[in-house]
Amino acid sequence: MDLNNDNFPLYEAMKDYLENEYINYHTPGHCQGKFAAEELKKVLNENTLRADLTELPGLDNLYCPGSSIEKSERLAAKVFDADRTKYLVNGASSGIIASMLYAVEEKEEILIPRNAHRSVYNGLILTGALPKYIPLKSQADGFVLNVDPTALEDSLKIGQEKTLMLTNPTYYGVCLRGIKKLKKNADKNLLMIIDEAHGAHLNFCKDLIDGASKNEADIWIQSIHKNLGSLTQSGLLHWREDKIDSSKLKLMLQLNQTTSPSYVLMLSLEFARHNIETNSHLWDDLIDRVQKFRKLIAEELDSYQLLELDPESDYVLDLTKLTLFTDKLGVTGYKVAEILRKEFNILVELSSYNHILLFMTPAHDHEAFSHLFYALKEIAKKYKYNGKNLNKVVDNPGIPEYEISPAVAVKSRYKFLELDKSVGKISGGFITSYPPGIPLLVPGEKIEGKTIEYIKDIISLEGSTLEGVYKNEAQNNNIIKIIEAS
């Protein structure tokens, strides 16, 4: 790859800086590795430490760019079909929070799905806005797909809320059809934000559904590190200038991003942009491998069930996300993930009580798929004939009513109470299965008995974790945070 051209303005600026071999009387204090711990030097190579720079003459400024960063972001905007793009160095979460700070005010309602990422709820806390949940649609087995399009359309017809926040695709790769049509039929003043953290690749794969930029999104956020090859914590915030006040949105981003942006992260975004621009065929090749792999599982490994969607339904599956249900094995997804890790050196993205989730990228070649198939087959041999079906946990309890806003709840005095005694109280914290970060309880919500039963079922499963449920060692019970006055 020829790096000496206009495709890499940030790289060129950094290269020019490095070639000067300056004596550093500025941050970061490791001075391009000269004062870094020896242990760190052993882990990171010399070039990485030398490239860990700050906003210096010739290197531009992330929040007031006028040269290399501005050029680099404009190239990204062009490739990702946006009017404007900003680099994110605090993850896609910072872009989501910035978009909410821009769009909604205190006590104002915003339409969101309950399966929104934790950062959306953080946005509610920081803005003081109130959630109006879009009902979700599930399969017959209870597996949540995405928002119910009919319910969403009905909500948009009422038109009381001026902002819609969608998660598309979901963590499991379930994409909603007809977003563009829904937007066109909505009030012209509706602001649509799409959390596309898991879908930055969609527009570059001919066999996948269109992404946010082609679905009339006004603002959309992508987590480039998740599947397009940039470094962890890097992402992109995109928007349309005809609907968005650019200066205001950029200010909201400054409020929740670091003032010391990592040039290594930004450089990785520049390279990732060029990579997808010039090598999108690698994603088409991947989809071909995944389709063959799915067919192989369906034909030869009947102990697993693939997440499959009706082609006539309101949803389309992003095939780079592979969900395998383990009910027929008679063991939990937690157990299958543990075996894959300990016996086959395979790590999955997520394990749950009855399924595992694997993320696929062009890094997964034929050899990787062959090893995964071998491992799944060996596990199936071990458990196939045990005659047990996996016991199902109680049905998902749904969405509790909120008594006070999340913003007020997190600032309230709280105490810890054991699970059974907390029914009827107000939640003082999040209870979240993470990943993917979808909450069972949000601060300010009334705690119902069915929610507690579901929590108890989940934590009883070997290998499960729920953030926000704590073990009281002294009394040997589980406790959660509740609002003291409730």
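The values are calculated or read from the model by the stated rules, or taken from the named source; none is laboratory data. Keep in mind that this is a model prediction, so the values were computed, not measured. Cβ: placed from backbone, ideal geometry, glycine included. Neighbour counts: every protein chain shown.
Go through the residues of the range 320-329 one by one and say whether even a single one is assigned to a strand (DSSP E or B), more than 22 Å from residue 210 (Cα to Cα) and either modelled with pLDDT under 95 or in contact with a strand residue (DSSP E or B) (Cβ under 8 Å, 6 or more places away or on another chain) (or both). So far as the range 320-329 goes, yes, one or more of its residues are assigned to a strand (DSSP E or B), more than 22 Å from residue 210 (Cα to Cα) and either modelled with pLDDT under 95 or in contact with a strand residue (DSSP E or B) (Cβ under 8 Å, 6 or more places away or on another chain) (or both). Somewhere in the range 9-20, is a residue surrounded by fewer than 20 Cβ atoms within 10 Å (Cβ to Cβ), part of a helix (DSSP H, G or I) and hydrophobic (A, V, I, L, M, F, W, C)? Yes, the range 9-20 contains at least one residue that is surrounded by fewer than 20 Cβ atoms within 10 Å (Cβ to Cβ), part of a helix (DSSP H, G or I) and hydrophobic (A, V, I, L, M, F, W, C). Checking each residue in the range 124-138 for being crowded, with 21+ Cβ neighbours inside 10 Å and in a strand (DSSP E or B) picks out 131, 134.
A residue that is within 28 Å of the chain's Cα centre (by Cα) and part of a loop (DSSP other than H, G, I, E, B) can be found somewhere in the range 26-47.
Being more than 30 Å from residue 330 (Cβ to Cβ) and hydroxyl-bearing (Ser, Thr, Tyr) narrows it down to one residue among 486, 460; which is it? Before you say what the answer is, go through the steps one by one.
Values: 460 fails: more than 30 Å from residue 330 (Cβ to Cβ).
Of the residues listed, the single one that is more than 30 Å from residue 330 (Cβ to Cβ) and hydroxyl-bearing (Ser, Thr, Tyr) is 486.
Restricting to the range 69-110, name every residue that is basic (Lys, Arg), surrounded by fewer than 23 Cβ atoms within 10 Å (Cβ to Cβ) and either outside the structural domain of residue 246 (by TED's automatic domain parsing) or touching a strand residue (DSSP E or B) at 6+ places or on another chain (Cβ under 7 Å) (or both).
Taking the range 69-110 as the starting set, the residues that turn out to be basic (Lys, Arg) are 71, 74, 78, 84, 86, 107.
Checking the rest, the ones that are also surrounded by fewer than 23 Cβ atoms within 10 Å (Cβ to Cβ) come to 71, 74, 78, 84, 107.
Hits for the range 69-110 are 84, 107.
Look at the range 357-372: where a residue is within 14 Å of residue 291 (Cα to Cα) and a partner is polar (S, T, N, Q) and not in a loop (DSSP other than H, G, I, E, B), sitting 6+ places away or on another chain with Cβ atoms under 6 Å, you get 361/227.
In the set 121, 87, 102, which member is outside any strand (DSSP E or B), touching a residue at least 24 places away in the same chain (Cβ under 8 Å) and more than 20 Å from residue 441 (Cβ to Cβ)? Outline the logic, then answer.
Working: 121 fails: more than 20 Å from residue 441 (Cβ to Cβ); 87 fails: outside any strand (DSSP E or B).
Residue meeting the stated conditions: 102.
Would you be able to say whether some residue in the range 335-349 is buried (at least 21 other Cβ atoms within 10 Å of the Cβ), assigned by TED's automatic domain parsing to the domain that holds residue 367 and in contact with a strand residue (DSSP E or B) (Cβ under 6 Å, 6 or more places away or on another chain)? The answer is yes; a qualifying residue exists. Within the range 236-286, being more than 21 Å from the chain's Cα centre (by Cα) and among the charged types (D, E, K, R) holds for 240, 241, 242, 243, 245, 248, 250, 277, 284, 285.
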